[in-house]
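Notes for the one structure printed next.
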Amino acid sequence: MPSNSITSPKYKDSVFRMLFNDKKELLSLYNALNNSNHTNPDDIIINTIGDSTFLKVKNDVSFIFNYELNVFEHQSTPCPNMPLRDLFYVAKLLKKITQEDDLYASKLVKIPTPKFYVFYNGTEPLPDEKIYRLSEQFEKQTATPDIELTVTVLNINEGNNKKLMAACNTLKSYSIFVSLVRKYIKEIPKDIDDKEEEIKAAINHAIQDCIDQDILKAFFEKHRREVQDMTYWDYNEELHNKTIATEATEKAALEIIRFGREDAIPDEKTRLRIKRLGLSDATINELFAQIDAETANLIQ
């Protein structure tokens with residue numbers, strides 16, 4: 001059972017954001033999402049508040065400027081609170097966009113149409129597409145909520161969202177890179193003392209593989225050291241989040257065992273209930289042993 005968690009500093013940037021801070025790449029991703037064919041990346045205005053990126057794309061099909069406000073987030077852990085987070089975030093953006101408008105006037109103030117996306121590449125299984133709704137967070141559910149905000153979560157792990165990946169080669173290449181990193185880190189022997197160096201070597205191996213296979217070759221050759229460092233901390237943050245989740249699950253399992261013992265529920269029935277939490281047999285055995293030790297200490 002994990003007892004220590006790995007912490008990491010909060011980096012302002014990431015490999016994903018580095019890739020898509022390039023207007024050409026950002027336009028390619030936008031076109032892939034919207035099945036569109038915009039060709040001028042200069043029509044994109046990139047702005048950043050905190051760690052999130054948004055873009056405004058000039059739509060000249062109707063010969064007027066018809067802005068869309070896209071909020072992109074990249075995450076390695078599912079977060080059903082994204083609608084509330086995005087609500088806070090988009091409020092800041094819209095306040096900035098309309099700061100010179102008189103919102104008390106009788107004239108209608110037009111705002112860009114908001115669209116929210118999360119690009120997910122964590123290890124917890126998720127479908128190709130998942131929708132989070134702000135109304136799901138309301139304590140009191142209503143059929144027609146007065147306010148709603150939807151966030152589209154797209155699984156960008158290798159093998160998912162094949163149509164999207166085919167339409168945006170950079171996104172597909174990033175997915176392959178992440179998959180290679182996980183593959184080589186998984187191959188690190190558990191009894192290795194200096195895991196930090198082994199992890200960095202595994203990341204470097206994935207980068208070299210991508211260069212050899214012409215996957216984001218120019219990007220990795222230019223930013224190799226930055227990518228290695230950022231991916232190392234990204235991996236540690238992902239591992240840290242997993243550790244927290246595992247510890248919470250094990251804590252819940254311990255409480256189930258305690259309640260089971262208090263109510264004289266057979267251990268085998270309790271085991272079946274705990275197994276639904278996704279814990280291994282070895283971990284469950286350790287938890288029962290921990291409870292047995294607690295009971296023995298109380299008797300003494």
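The values are calculated or read from the model by the stated rules, or taken from the named source; none is laboratory data. Owing to the predicted nature of the structure, the values given are computational and were not obtained by experimental measurement. Because the Cβ atoms are built from the backbone with ideal geometry, glycine has one as well, and the counts that use them run over all protein chains shown.
For the range 162-177, which positions are touching a residue at least 60 places away in the same chain (Cβ under 8 Å) and assigned to a helix (DSSP H, G or I)? Within the range 162-177, LEU164, ALA167, ASN169, THR170, LEU171, TYR174, PHE177 meet the criteria.
Among the residues of the range 1-35, those identified as at pLDDT 90 or above and small (Gly, Ala, Ser) are SER28, ALA32. Any chance the range 55-71 includes a residue that's at pLDDT 85 or above and assigned to a loop (DSSP other than H, G, I, E, B)? Checked the range 55-71: no residue is at pLDDT 85 or above and assigned to a loop (DSSP other than H, G, I, E, B). Among the residues of the range 139-158, those identified as among the hydroxyl-bearing types (Ser, Thr, Tyr) and out of contact with any strand residue (DSSP E or B) (no Cβ under 6 Å at 6 or more places or on another chain) are THR142, THR144. Total residues in the range 88-112 satisfying the condition of being modelled with pLDDT under 90 and touching an Asp or Glu at 6+ places or on another chain (Cβ under 7 Å): the figure is 1. In the range 165-176, the count of residues that are on the phi > 0 side of the Ramachandran plot, crowded, with 20+ Cβ neighbours inside 10 Å, touching a strand residue (DSSP E or B) at 6+ places or on another chain (Cβ under 9 Å) and of a type outside the set (Ser, Thr, Tyr) is zero.
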